[in-house]
Amino acid sequence: MKYPKLWAALLLCSAVIGCQPKENKSTLNAAIKFKVAGKTAKVYTTAQKSDQRLAFEGEQTFNTEPQPLEASVNIFVNPQKQFQEFIGIGGAITDASAEVLAKLPEDKQQELLNAYYSEDGIRYSLLRTTIHSCDFSSNSYTYIQEGDKELKTFSIEKDKQLRLPTIKRAMATAKEPLMIYASPWSPPAFMKDNKNMLQGGHLLPEYYDSWAKYYAKFIKAYEAEGIPLWGITIQNEPMAVQRWESCIYTAEQERDFLKNHLGPVLENEGLGDKNIVVWDHNRDLINQRANTIFEDPEAAKYAWGTGFHWYENWAGGEPMWGNLTNLSESFPDKKLLFTEGCNEAFDPQKYQFWGNAERYGKSMINDFNRGTAGWTDWNILLDENGGPNHVGNFCFAPVHADTKKGSLIFTPSYYYIGHFSKFIRPGAKRISTVSSRSHLLSTSFLNKDDQMVTVVMNQSDMDIDYHLYIENQAIDLSIPAHGIQSVIY
């Protein structure tokens, strides 16, 4: 043969092309088949200076439009470019949320659950909970007696009082199964070098296996109660010394705990299918943590991906969304999950403060556009004091209860979250979406039923007319100042 190397290369190329994974082909076909010519788009709006709250605005039909001009404002959606798969949006059912719910009249309890989980509500599909206590508990507690290294006294009886019934009611209210995961705030005091569940401290090496087995017992105990767990995070905020339950892990300590203890223990306990999320802290140090863990193949094999929060602005400056882009590019096989965010410094005069809602919208759009697969708010419900919280760390939730009056207070944040969670469903694929003006932020997802959802947020003081384009097809829309829209087509 005259050109054996060329022939071999051609054969290899042919084999590779002919053996592409079916998933890639179906993704391409899904993108090619999506057409909007003649389609009708439904528009839902929430706006500051109005009574519009997820209000249906009407319908628009896509038509052929000329080349957009520089003077126009445009959103460009390209279904040919698809990215991460969406796993859901939800919030945390903490001890605080369960305690507050129990203080409400029965009809208000069901109203709250319907508002979050029913088809008529905003259709939450994720649920985070805690492994024993956190700051949003009325007191510190664990599932064992102090000093019980062998975990012989392990029991979730306390959770059975309020938290488990609340989770079960949420599951029963949701039409589709909820993706549930859990996070610990601190190991028991005797397992730590500071002998305190609060104020940071480190897990002592002699308790690494015992603590890993604690996760396994927790998962099995919850599943015995009919609550399937998708996975766990290793540690809530592992670089924060807090006045509440907290524990510090360096990147190397978290890597080695995962690699040598937690990962193998879960496998040995028959729980190797549970997803393990690392970091679970802010975007600022996320890359160093991921680099350390994911560059180690023996640790990385146990990690589903990286969890993160939004509180890095505590030191001033802007949210570090660019760090997520770097992480997605550096480790494309590892996923991103927003595990917690809330507006701090509770003030009952700010229930309707629009800036709190816009923080949600801005974060969700930027997080999704940088590869985030799922997004989890913090407490689903708090009381009229922003608690209960056993260390005075009072915060906002999307919905508050006035336990004295037996009523619910829906904040704008609830509706902003709903513009995503109500319409974007698990299994959707993020679609390329950009805006021609910085006033408007936008993201799009294509649901499995071939329905596109484009969310547009206006962060300016102006009402804005804009065009939503797919190829040469467009609709003409208007979004109010400080408003958010979901466009379904």
Looking at SER118, is it open to solvent by 10 Å² or more (accessible area, probe 1.4 Å), small (Gly, Ala, Ser) and over 20 Å from the mean Cα position of the chain (by Cα)?
no
Is there a residue in segment 286-304 that is within 18 Å of the chain's Cα centre (by Cα), within 15 Å of THR376 (Cβ to Cβ) and touching a residue at least 40 places away in the same chain (Cβ under 8 Å)?
yes
Filtered residue count, segment 269-282, keeping only those that are under 19 Å from TYR222 (Cβ atoms), open to solvent by 10 Å² or more (accessible area, probe 1.4 Å) and not in a loop (DSSP other than H, G, I, E, B):
1
Can you list the helices (runs of 4 or more DSSP H) found entirely within segment 150-235 that contain at least 2 residues being open to solvent by less than 60 Å² (accessible area, probe 1.4 Å)?
163-173, 208-224
Residues of segment 468-489 satisfying the condition of being in contact (Cβ under 8 Å) with a residue 60 or more places away in the chain, open to solvent by 10 Å² or more (accessible area, probe 1.4 Å) and part of a strand (DSSP E or B)
TYR469, GLN473, ASP476, LEU477, ILE488
Is it true that TYR249 is of a type outside the set (A, V, I, L, M, F, W, C) and part of a helix (DSSP H, G or I)?
no
Restricted to segment 125-149, and to residues that are in a loop (DSSP other than H, G, I, E, B) and of a type in the set (A, V, I, L, M, F, W, C), which residue is surrounded by the most Cβ atoms within 10 Å (Cβ to Cβ)?
PHE136
State the number of residues belonging to segment 397-426 that are within 14 Å of VAL100 (Cα to Cα) and more than 17 Å from the chain's Cα centre (by Cα).
11
Within segment 50-78, restricting to residues that are open to solvent by 40 Å² or more (accessible area, probe 1.4 Å), touching a Phe, Trp or Tyr at 6+ places or on another chain (Cβ under 9 Å) and not in a strand (DSSP E or B), the one that is farthest from LEU477 (Cα to Cα) is ARG53
Counting only residues that are in a strand (DSSP E or B) and either within 17 Å of SER137 (Cβ to Cβ) or among the hydroxyl-bearing types (Ser, Thr, Tyr) (or both), segment 369-400 contains a total of 5
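The values are calculated or read from the model by the stated rules, or taken from the named source; none is laboratory data. Please read all numbers here as calculations on a predicted model, not as lab measurements. A quick note on method: Cβ atoms are made from the backbone with ideal geometry, for glycine too, and the neighbour counts reach across all protein chains shown. The area values use the complete protein model at the heavy-atom level, side chains included, leaving out ligands, DNA and RNA. Shrake-Rupley method; radii C 1.70, N 1.55, O 1.52, S 1.80 Å.
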